[in-house]
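The values are calculated or read from the model by the stated rules, or taken from the named source; none is laboratory data. If you're wondering where the values come from, they're calculated on a predicted model, not measured in any experiment. Neighbour counts run over all protein chains shown; Cβ positions are idealised from the backbone, glycine included.
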Amino acid sequence: MKIRVALIDDHPIFVAGLKQLLESDGRYEVKAVARSSEEAVESINFNEIDVALVDVNMPGGSGIELLKAIKRQSKSCRVIMLTVEEDEETINRAIKEGAQGYILKQESPEHLLRAIQACTDGEILLSSHVYARMVDRIRKTSPPEMEKSIIYNKLTKREIEITRLVVQGKNNRQIAQELYISESTVKNHISNIMDKLSVKNRIELVTIAVREGIQ
């Protein structure tokens, strides 16, 4: 079964190119297209969408407001925010409101496809520039001397190793390749890690790990 995608962006040339990219891949079906937040809310049933790609800045309401509306309507639809800017405040708001990804439009088509696939696999994916800025900010705002207790007391050596790779920005497939284990095993480890640390997503996991000196 193909992954059902909605494209919400007010730039028709970008949307046409993105639609062609997705449909030529074979794994995706572009189920709906809208040029504004208002049009998206009125015309798209997000319960029938697996992944929504949402432009941050659009007429008729911001992408963040649309993200919130999507999350109210559907618990299963995953949202990736698209933008040409690296505004840290907007990134933080998007992740807080439940976005599964925050990708710069100037990223390569291959990176965008990886982001969508990672999103459907339950990962949170940020562009390399956005991710680096986020980790740098966490490091700068961390206490100078923080007792290394939470992760080191609760996780096994293998789980700490996987957490370190997550902090480095690696996705499940890359972690599996580096450790010579299956992707399903990586997913199980990460699920266990999140349960032990009582975190909901990779961003929260990275925040705790970086503050404890894992890099």
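So PHE14 ticks every box in (1) under 19 Å from PRO109 (Cα atoms); (2) of a type in the set (Phe, Trp, Tyr); (3) buried (at least 18 other Cβ atoms within 10 Å of the Cβ) but one. Which box is left unticked?
Among (1) under 19 Å from PRO109 (Cα atoms); (2) of a type in the set (Phe, Trp, Tyr); (3) buried (at least 18 other Cβ atoms within 10 Å of the Cβ), the lone unmet condition for PHE14 is (3).
Take the residues in the stretch 166-215 that are touching a Ser or Thr at 6+ places or on another chain (Cβ under 8 Å) and assigned to a helix (DSSP H, G or I), then tell me which one is surrounded by the fewest Cβ atoms within 10 Å (Cβ to Cβ).
Among those residues, the one meeting the criterion is ARG211.
What do you reckon, is ASP50 assigned by TED's automatic domain parsing to the domain that holds ILE80 and either closer than 14 Å to ILE80 by Cα or small (Gly, Ala, Ser) (or both)? Lay out the reasoning, then the answer.
Numbers: assigned by TED's automatic domain parsing to the domain that holds ILE80: yes; either closer than 14 Å to ILE80 by Cα or small (Gly, Ala, Ser) (or both): yes.
In short, yes.
Does ALA132 satisfy the condition of being buried (at least 16 other Cβ atoms within 10 Å of the Cβ), of a type in the set (Gly, Ala, Ser) and either modelled with pLDDT of 80 or more or assigned to a helix (DSSP H, G or I) (or both)? Outline the logic, then answer.
Working: buried (at least 16 other Cβ atoms within 10 Å of the Cβ): no; of a type in the set (Gly, Ala, Ser): yes; either modelled with pLDDT of 80 or more or assigned to a helix (DSSP H, G or I) (or both): yes.
The answer is no for ALA132.
Scan the stretch 26-49 and tell me whether some residue there is modelled with pLDDT of 80 or more, closer than 21 Å to ASN201 by Cβ and not aromatic (Phe, Trp, Tyr). Write out each step before concluding.
First pass over the stretch 26-49, keeping only residues modelled with pLDDT of 80 or more: 26-49.
With closer than 21 Å to ASN201 by Cβ added as a condition, the list becomes 46, 49.
Those still in the list that are not aromatic (Phe, Trp, Tyr) too: 49.
Checked the stretch 26-49: at least one residue is modelled with pLDDT of 80 or more, closer than 21 Å to ASN201 by Cβ and not aromatic (Phe, Trp, Tyr).
It is to be established whether one or more residues within the stretch 164-172 are among the basic types (Lys, Arg), touching a strand residue (DSSP E or B) at 6+ places or on another chain (Cβ under 9 Å) and at pLDDT below 85. Before the answer, list the steps.
Our first condition is that a residue be among the basic types (Lys, Arg); within the stretch 164-172, this holds for 164, 170.
From what is left, the residues that are touching a strand residue (DSSP E or B) at 6+ places or on another chain (Cβ under 9 Å) are none.
No, that holds for no residue.
Before we move on, is GLY98 assigned to a loop (DSSP other than H, G, I, E, B), modelled with pLDDT of 80 or more and more than 21 Å from GLY17 (Cα to Cα)? Outline the logic, then answer.
On the way: assigned to a loop (DSSP other than H, G, I, E, B): yes; modelled with pLDDT of 80 or more: yes; more than 21 Å from GLY17 (Cα to Cα): yes.
In short, yes.
Restricting attention to the stretch 75-93, and to residues there that are out of contact with any helix residue (DSSP H, G or I) (no Cβ under 6 Å at 6 or more places or on another chain) and within 15 Å of ASP9 (Cβ to Cβ), which single residue is modelled with the lowest pLDDT?
Ranking the qualifying residues of the stretch 75-93, first place goes to GLU85.
Might you check whether a residue that is in contact with a helix residue (DSSP H, G or I) (Cβ under 9 Å, 6 or more places away or on another chain), crowded, with 23+ Cβ neighbours inside 10 Å and closer than 15 Å to CYS119 by Cα occurs anywhere in the stretch 29-45?
Taking every residue of the stretch 29-45 in turn, none turns out to be in contact with a helix residue (DSSP H, G or I) (Cβ under 9 Å, 6 or more places away or on another chain), crowded, with 23+ Cβ neighbours inside 10 Å and closer than 15 Å to CYS119 by Cα.
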